[in-house]
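Structure first, then comments.
The values are calculated or read from the model by the stated rules, or taken from the named source; none is laboratory data. A quick note: this is a predicted structure, and the numbers were derived from the prediction, not measured. Here the Cβ positions follow ideal geometry from the backbone for every residue, glycine too, while neighbour counts run over all protein chains shown.
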Amino acid sequence: MLSRVQFALTAGSHFLFVALTLGLATLVAVMQTRATVSGSAVHARMTRFWGQLYVINYAVGIVTGLVMEFQFGLNWGGMTRMAGGVFGAPLAMETIVAFFIESTFLGLWIFGWDRLNRWAHLALIWVVTLTAYLSAYFVLVANGWLQRPVGYEMVDGAARLTDLGAVMTNPTAVLAFFHVLFGGLLTAGFFMAGVSAFHLFRRTAEVEFFRRSMRIGLLTVILSVFPVVVFGGMQFAHVQPTKNPGSDDAAAKAAEFTARFGPDDYLAPGLTDAGLATMVMAWVVMILVALVALVKLPFGRWLVRGRVFHVLMMLAVPLPYVAMLAGWVFREVGRQPWTVYGLLKTKDALSDVSPGLITTSFVAFTALFAVLIGVNTWLLARYARRGPDAARLGAPAPVEPAAPALAPTF
Amino acid sequence: MEILAIVMLAVFAGAYLVLAGADIGVGMLLPVLGRSQQERRVVIAAIAPFFLGNEVWLVSTAGIVAGAFPGLEHHLLEGLFPLFVVLLLGWVVRDMGLWLRGRVDAAAWRRMCDAAIVAGSWALALAWASVLGSLLAGGEGLNVGSVAGLPLAALFAVHGVGLARWRLTGALSARADRFPAPYPLTGAALVTVALVAGTRLPWADAAGAGAGLTVTAVTTAVVLPVLVAAQALVWWTFRGRVDSPSYL
C-alpha cells in the first residue's frame with residue numbers, strides 16, 4: 001500500500017510540475033523567437049522573466065522524475081519482472097533519445113546565455129522544447145501500454161515485445177500525448193495570464209510587458225481549450241470497460257476476469273468517477289473564462305484596466321492543475337486492480353522488499369518532496385511577484401570584488 | 001545483440017562515473033575548496049554548466065538497464081534497495097542545494113544550501129562506493145563488500161580535486177593543486193572499478209528476450225554519436241577556466 005501511495009505522490013507531483021514545464025517551455029521558445037527575429041527588447045526581457053520561472057519549475061520536475069525512474073525497479077519489481085521486456089523499451093528511448101538531449105541543452109541554454117550566437121541560443125530552447133514533448137510521448141507510450149497492452153506475447157510468464165509499431169502507435173498513448181500537450185499549454189496559458197493579471201492589478205509600471213504576456217497567455221488558453229477536450233474525449237473509445245462500473249460492458253468484463261483470474265473487485269473504485277467529474281467541471285469553468293478572454297482579447301487597453309477580470313484570471317491559475325490531477329486520478333485509479341490491464345494485478349506488481357524498508361523510504365521521500373515542493377512553489381510565487389527586473393537568468397554576470405575575498409587566505 | 005547492449009551500458013555507466021564523479025567530488029570538498037560563501041559560489045560555477053549534462057548519463061544507464069536488462073534491474077534495485085534509496089535521496093538533496101543556492105539572497109540560506117550540497121554529495125559518493133563494493137564482493141543483496149567498499153568514496157573526492165585544479169583559477173586553483181590529483185588517472189580508476197564490478201553481475205539471465213533488447217541496444221548505439229556531440233558542444237562552450245560566479 002505504501003509503495004502505491006509513494007509512487008502516486010511522486011508521479012502526481014512530477015506530473016503537476018511537468019505540465020507547466022511543457023507548456024511554458026513552448027511559450028518561452030515562442031517569445032525568444034520573436035526577440036531574436038525582430039530584436040525586440042520587451043520580448044527579450046519576457047524571455048528572461050518567464051524563462052526564469054520555467055527553470056525554477058523545471059528543477060522539481062527533474063528530481064521527481066529521476067526518483068520515479070528508479071522507483072519502477074525499487075517498488076515495482078514484480079512489474080519489471082513480468083512486463084520489463086516491453087515496458088522498459090519506451091523508458092529506455094525516453095532517457096536516451098529525449099531526456100539526454102533535453103537536459104544537456106537546457107544546461108547550455110541556461111549557462112550559455114552570453115556565450116553563444118543568438119541564433120544558436122534560440123535553436124537550443126527549441127530543441128529543449130521538442131525533446132521535452134518527445135519525452136512526454138515516450139513516457140505515455142509506457143503508460144499507454146499499461147492501460148492497453150499491445151504488441152507483445154507471453155513466454156514463461158513474462159511479456160516479450162513483438163510489435164514495436166503497435167506499442168508506439170497505441171491509441172491510449174498517442175491520444176493521451178496530445179491531451180497532455182494541450183493540457184500543458186492550457187496550464188502555462190493560465191499561469192502566464194494569472195501572473196500578468198497580478199501585476200496589472202497592482203498597477204505595475206511594466207504595462208507593455210504584462211499586457212503582451214497577458215495576451216500570449218490568453219491566446220494560448222483560447223487555442224488549447226478545445227483541442228484538450230477533443231483529445232480527451234477521443235480516448236473514451238479505448239477506455240477500459242471496467243472504468244465505468246454501471247455499464248453492461250463492465251459487468252461482462254468483470255465476469256470474464258473473475259472466470260480467468262478468480263474473484264476480486266474488478267470494477268473501478270468510486271474515486272475514478274469523482275476524478276472524471278472534477279476534470280469535466282474544471283474544464284467547463286475554464287471554457288467560460290476562455291470565452292470572456294476571447295471577448296476581451298482584441299482590446300489591449302481593456303486588458304490592462306479591467307480589475308475584475310484581473311482577479312478572475314488570478315483565481316483561474318489553479319484550474320488546469322485541478323483538471324490535470326483529476327484526469328490523472330481517473331486514468332490511473334480507474335485501471336485498478338490492474339497495473340498492466342488484464343495481465344498483472346497491482347498487488348502482484350510489488351517488489352519483494354521488507355515492509356520496514358518500504359516504510360523508511362516512504363517517509364524519507366515524502367518528507368523531502370514535501371519540503372521541495374513547498375520551497376519551489378514559494379520561490380515560483382516570489383519570483384513571479386517580483387517582476388522582470390529581478391530575473392537573473394541571462395543577466396550579465398554580477399560584478400563582484402573577487403580579489404579581496406581571495407587574497408587573505410594565503 | 002546482448003554484447004552491444006553490454007558495451008553501451010559500460011559506456012554510459014563509465015561516462016557517468018568519470019564526468020559526474022568529478023562534480024560529486026567537488027561537492028564533497030566544497031568547504032575545503034571554497035573557504036567563504038563567495039568562493040564557494042565560484043567553485044560551484046566550475047561545475048554548474050556540466051552537472052545537468054553529467055547526471056543524464058546515469059539516467060540513460062538506468063534506461064538501458066530497464067530496456068535491455070530487466071533481470072538486472074531487479075537484481076540491483078531490489079537486492080540493494082537501501083543503498084539506492086540513500087543514493088536517490090543524496091542526489092535530490094544535492095541537486096536542490098545547487099539549484100536553490102542563488103535563489104534567495106541571505107547568508108543563512110546559502111549556508112543551508114552549501115550544507116545540502118556537501119551532505120548530498122557525500123551520501124551519493126558513499127552510496128556508490130557501497131554499491132560498487134557490494135558488486136565486487138559478489139552475490140546477491142547486501143554483503144561484506146557493502147561496508148568494505150565505502151572507502152571508494154575517497155576516489156570521487158580526489159577525482160573532484162582533479163576537476164577543480166583544471167577548471168578553477170588563481171588562489172582557488174592553487175589550493176586544489178596542493179592535492180596531487182591527476183584527473184585522467186582517477187577517472188580511469190573509477191571506470192576500472194566499475195568494469196570489474198560489472199563482470200560480477202549475473203549476465204546470463206539478465207537480458208530481456210524479444211525485441212526490447214534489440215530496440216534498446218540499436219537505438220542507443222545509433223544515437224550515441226549525437227549525444228557525444230551535444231556533450232562536446234557543452235564542454236567546448238565552457239572550456240575556459242572559471243573566475244567568477246555563474247547563474248547558480
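Overview of results
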quantity: Those residues of the range A:155-168 which are at pLDDT 80 or above, over 11 Å from B:Gly210 (Cβ atoms) and not β-branched (Val, Ile, Thr), in sequence order; calculated: A:Gly165, A:Ala166, A:Met168
quantity: Positions within the range B:77-89 being part of a helix (DSSP H, G or I) and more than 7 Å from every other protein chain (Cβ to nearest Cβ), in sequence order; calculated: B:Gly79, B:Leu83, B:Val86, B:Leu87
quantity: Considering residues of the range A:50-81 that are assigned to a helix (DSSP H, G or I) and of a type in the set (Phe, Trp, Tyr) only, the residue surrounded by the fewest Cβ atoms within 10 Å (Cβ to Cβ); calculated: A:Phe70
quantity: Where a residue in the range B:187-204 is under 15 Å from B:Ala153 (Cα atoms) and free of Cβ contacts under 8 Å to residues at least 40 places away in the same chain and its partner, wherever it lies, is assigned to a helix (DSSP H, G or I) and hydrophobic (A, V, I, L, M, F, W, C), with Cβ under 7 Å and at least six apart; calculated: B:Ala189/B:Leu155
quantity: Of residues in the range B:165-188 being of a type in the set (Gly, Ala, Ser) and within 22 Å of B:Ala45 (Cβ to Cβ), the one surrounded by the most Cβ atoms within 10 Å (Cβ to Cβ); calculated: B:Ala176
quantity: Subset of the range A:82-114 [modelled with pLDDT under 85, closer than 30 Å to A:Thr346 by Cβ and surrounded by fewer than 23 Cβ atoms within 10 Å (Cβ to Cβ)]; calculated: A:Met82
quantity: Enumeration of residues in the range B:76-122 that are more than 22 Å from A:Arg382 (Cα to Cα), without any contact (Cβ under 8 Å) to a residue 40 or more places away in the chain and not hydrophobic (A, V, I, L, M, F, W, C); calculated: B:Glu78, B:Gly90
quantity: From A:Phe100, A:Phe111, residue being over 21 Å from the mean Cα position of the chain (by Cα), aromatic (Phe, Trp, Tyr) and within 7 Å of another protein chain (Cβ to nearest Cβ); calculated: A:Phe111
quantity: From the options B:Pro70, B:Pro49, residue that is buried (at least 24 other Cβ atoms within 10 Å of the Cβ), facing another protein chain (nearest Cβ under 7 Å) and of a type outside the set (S, T, N, Q); calculated: B:Pro70
quantity: Residue under evaluation B:Ser130, criteria (1) at the interface with chain A (Cβ under 10 Å from one of its Cβ atoms); (2) crowded, with 21+ Cβ neighbours inside 10 Å, criterion not met; calculated: (1)
quantity: Test: residue in the range B:210-232 that is touching a residue at least 12 places away in the same chain (Cβ under 8 Å), facing another protein chain (nearest Cβ under 9 Å) and closer than 22 Å to B:Leu29 by Cβ; calculated: no
quantity: Test for B:Trp109: is it among the aromatic types (Phe, Trp, Tyr), surrounded by 17 or more Cβ atoms within 10 Å (Cβ to Cβ) and either part of a helix (DSSP H, G or I) or within 18 Å of the chain's Cα centre (by Cα) (or both); calculated: no
